[in-house]
1. State the number of residues belonging to region 40-57 that are outside any strand (DSSP E or B) and either surrounded by 21 or more Cβ atoms within 10 Å (Cβ to Cβ) or acidic (Asp, Glu) (or both).
2. Here are 64, 37, 54: which of them is within 12 Å of the ligand (Cβ to nearest atom), of a type in the set (A, V, I, L, M, F, W, C) and within 17 Å of residue 7 (Cβ to Cβ)?
3. Picking from 25, 41, 9, which residue would you name as being closer than 20 Å to residue 83 by Cα and over 9 Å from the mean Cα position of the chain (by Cα)?
4. Please name all residue pairs, on different chains or six or more residues apart, with Cβ atoms under 7 Å, provided the first residue is in region 1-25 and is more than 22 Å from residue 102 (Cβ to Cβ) and the second residue is in a helix (DSSP H, G or I) and within 7 Å of the ligand (Cβ to nearest atom).
Amino acid sequence: MGRHVWVCLGASCRRSGSPEVFKQLEDALAAEAVVAVTRYLCFGACAVSPNVVVMPERLWYSYVFPEYAAPVAEAIRQGHELPGLAQHVPPMIRDEIFHKLAQDGA
Ligand code: FES
């Protein structure tokens, strides 16, 4: 199964720089054949934007400002977690989005 990186491009995340994050992740992970980088429109966690979700690992990174895109890309590439940017979203929201993305085959 391939891996999927979802970058929120909803209004709040956009204001916090997510279009730049999207571009940086897309460029950094372009050589990874099994990683797709895709736009998402609002995970419902706007207070901790910009948000990035990695499936099927069920990793959720918040406050991914453009300056953090490179370390996030490296963590995704190496398959490890970045604890400082994780765990900022209430479990209820997290689980709902993970469930939805898993159902959609992400
Ligand atoms: S705009 Fe990104 S979580 Fe709502």
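1. 6
2. 64
3. Testing whether each residue is closer than 20 Å to residue 83 by Cα and over 9 Å from the mean Cα position of the chain (by Cα) leaves just 25.
4. 12/46
All of the numbers you see were taken from the coordinates with simple rules; none came from a lab. From a predicted model like this one, the values you see are computed outputs, not experimental measurements. No Cβ is skipped: glycine too gets one built from the backbone with ideal geometry, and neighbour counts run over all protein chains shown.
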